[in-house]
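Every number here is computed from the coordinates shown, using simple stated rules; none is lab data. Quantities reported herein were computed from a predicted structural model and do not represent experimental measurements. When we count neighbours, we look across all protein chains shown, and the Cβ atoms used for this are built from the backbone with ideal geometry, even at glycine.
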Amino acid sequence: MKLSSTSSNSTVNPFVFYGSLLVISISLLLSYLFKEEGNLFFSNLQQSVYNQLGWFYIISLNFIVVFMLYLAFSKYGKIRLGGANTQPEFNLFAWSSMLFSAGMGIGLLVFGVSEPITHFTNPPFAEAFTDEAAREAMAYTFLHWGLHPWSIYALVGLSLAFFHFNKKLPLQIRSIFYPILGEKIKGIYGDLIDLFAVIATLFGLCTSLGYGVDQLSSGLSYLFQLEKSSLLDVGLIMGISLIACISVVLGVKKGIQKLSKLNVYLAFTLLAFIFVSGSSIFILKNFIQNTGAYLNNFIELSNWTATFENQEWQNKWTIGYWGWWIAWSPFVGMFIARISKGRTIKEFILGVMLIPTLFVFFWMASLGGSSILEIMNSNQTLLDSVNNESNQSLFIFLDSLPWSSFLQVIALFLIASFFVTSSDSGSLVVDSLTANGQLETPQKQRVFWALLEGVIASILIYSGGLLILQTASVLAALPFCILLLIACYSISKSLKKELQES
């Protein structure tokens, strides 16, 4: 028997819609009025949470990785999202492009060069600037961008897709908890869950957009000698937000799908030129060696808790990343669910976890590994850019290659394109969460959220409050981590019942 969905003639849920606007407005005001106090408070709170509960993040994410692989290869893997005769709405390339663009896009350009070099110059165990430091740098970069984040996205996406397409519940975070809360998800409990998801999504998106625009303006400053300023950042955010509005008006098939494909074409073009013009053999060897090392040392890498070491490195990187990916999971998981109707559970999980991971590994091996090689070959300018925490490191690295100007322009377009797809896919997700799970809402609502994201990010950049919201959104990952573990129980219980009824 199918579960009944929440019925509503309204295009918004007043509690979630206006409640999220109220919380956001208060947060922006407080981050402006108490910027220094807020930075200190949230930084201290974050450090305390990471010191005391970092082990909980680690064991939780390891469990989720194992749980998702179990579901893929279990008897549940044959269940098809939407029913036995449902066909996928998007082909494999379009589907992979969209989940990749929504999941990590801007981050790969921001951290693709800087993170491996930072680990190389400040590794957790090895002596800096040594061969062992290089191996450590790539190992932990692969850990941070590999199976763990994509398993989180797969869990949220699968849960939402199953309850929406197979059980006819609204495409909302609350629906994941139907087996536990029952009809209570249609009341205040469900509203609170979705309100929390909207706020986490908006803050996570806006801080990510802040990263992206900083990278974009740094590139423009480096290439065209423009003065980097808050006004330039705000101008870029609002300009790209307007482009995102066009995309959300066009919808998933005509807007986001086409932009996501463009992202992949540009990313492959950039990678191809780096591979051909750089040290091709080195990149291949780096990819193969470090993928093998990641798999071989997976258990040790993913279970390191800094028991006998200073926790500062792990808190800043590994635990920080786990918090960040968890905070992003409502947005990315819901978007992946929306585009995954018609796929079997096995195809869904392996597609979400393996396709982007392999691409990311090759990306990091090409940009990050080659950057480390440049440092070893005494590229002081590149090293200085990372030491100064400059977002120009990507463009300085590309300067070391033939056709550098061409590659730098591609990188700029890729950052902008990823910026747009993050904004428009996020807008569709937030709009659906605040509209009782409806997928087709008035265009003005989608445009409203796309513009609001740009406004929030602009205010945070101009007022200097971005760090507060970034820290706060990552801290929100702690309660959501508990919800993810509950979701594991919820989806397993429902899948077992599904097979019994079929």
query = Counting Lys and Arg as +1 and Asp and Glu as -1, each charge on the Cβ, what is the dipole of the chain about the Cα centre in debye, to the nearest 20?
reply = 2320
note = For region 54-501, the charge dipole (Cβ of Lys, Arg +1; Cβ of Asp, Glu -1; about the Cα centre) points to a positive end, and the Cα of Leu460, Thr318, Leu169 closest to that extreme belongs to Leu169
inquiry  = If amide hydrogens are placed 1.01 Å from N in the peptide plane, which non-local residues have theirs closer than 5 Å to the one on Thr344?
reply    = Leu81
Karplus 3J(HN,Hα) series, Hz, for region 175-182 with 6.51 cos²θ - 1.76 cosθ + 1.60 (x for Gly, Pro) = 5, 4, 9, 4, x, 9, 8, x
request  = Report the longest stretch of the chain that contains none of the GluC sites (Glu not before Pro) sitting in a DSSP loop with at most 15 other Cβ atoms within 10 Å.
outcome  = 1-126
key: Helix 257-277 axis, angle to the chain major axis (alpha carbon atoms, nearest 10°)   = 20
key: Long-range HN-HN contacts of Leu169 with modeled amide H, under 5 Å   = His164
note = With the 8 Å Cα cutoff and a minimum separation of six or more residues, region 54-501 has a relative contact order in percent of 37
ask   = Which whole-Hz couplings ³J(HN,Hα) result when phi for each residue of region 422-427 is put into the Karplus expression 6.51 cos²θ - 1.76 cosθ + 1.60, θ = phi - 60°, listed in order with x for Gly and Pro?
value = 5, 5, 6, 5, x, 5
request  = Would you calculate the separation in nanometres between label points at Leu250 and Thr269, each defined as 7 Å from the Cα along the Cα-to-beta-carbon direction?
outcome  = 1.6
request  = Pop out the ³J(HN,Hα) list for region 69-83 in order, Karplus 6.51 cos²θ - 1.76 cosθ + 1.60 with θ = phi - 60°, rounded to Hz; leave Gly and Pro as x.
outcome  = 5, 4, 4, 4, 9, 8, 5, 6, x, 7, 5, 9, 5, x, x
Given charges at Cβ of Lys, Arg, Asp, Glu: region 54-501 dipole, positive-most of Thr130, Ala411, Ala450 = Ala450
key: Globularity index of region 54-501, i.e. its alpha-carbon radius of gyration over 2.2 N^0.38 Å   = 0.94
message = Under 18 Å between alpha carbons, and skipping anything fewer than 8 positions from Lys285 in its own chain: which aspartates and glutamates qualify?
response = Asp131, Glu132, Glu136, Glu374
task = Give me the lysines in straight-line cross-link reach of Lys497: C-alpha distance below 21 Å, same-chain residues under 8 apart excluded.
result = Lys2, Lys75, Lys78, Lys167, Lys168, Lys184, Lys341, Lys346
query = Distance in nm between label sites at Asn310 and Leu485, each 7 Å beyond Cα in the beta-carbon direction?
reply = 3.1
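How big is the dipole moment of region 203-343 about its Cα centre under a simple scheme where the beta carbon of each Lys and Arg is +1, that of each Asp and Glu is -1, and everything else is neutral? Debye, nearest 20, please. Working shown, then result.
Working: 10 positive and 6 negative charges, 186 e Å.
Magnitude of the dipole: close to 900 debye.
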remark   = Applying the gyration tensor rule to the Cα atoms of region 238-313 (axes a ≥ b ≥ c; rounded if a/c under 1.5, else prolate if a/b exceeds b/c, else oblate), the class is oblate
request  = At most 11 other Cβ atoms within 10 Å plus a DSSP loop assignment makes a site exposed; report the longest stretch of the chain without any exposed chymotrypsin sites (Phe, Trp or Tyr not before Pro).
outcome  = 309-502
Residue among Leu216, Val429, His144 farthest towards the positive dipole end of region 54-501, charges placed on Cβ = Val429
Candidate lysines for bridging to Lys261, where Cα separation is under 17 Å - those fewer than 8 sequence places away on the same chain excluded = Lys253
key: Extension reserve of the Glu227-Ser378 stretch, reckoned as 0.36 nm per residue once the Cα distance is removed   = 51.5 nm
ask   = Treating the beta-carbon of each Lys and Arg as +1 and of each Asp and Glu as -1, no other charges, what is the dipole magnitude of region 98-197 about its Cα centre, to the nearest 20 debye?
value = 760
inquiry  = Could you check the spin-label model distance between Asn39 and Ile243? Points 7 Å from the Cα along Cα→Cβ, value in nm.
reply    = 3.1
key: Net length gained if the chain between Lys75 and Phe125 were fully extended (0.36 nm per residue, minus Cα distance)   = 13.8 nm
request  = Express in nm, to one decimal, how much length is gained between Phe93 and Ala293 on full extension, taking 0.36 nm for each residue of separation and deducting their alpha carbon distance.
outcome  = 69.2 nm
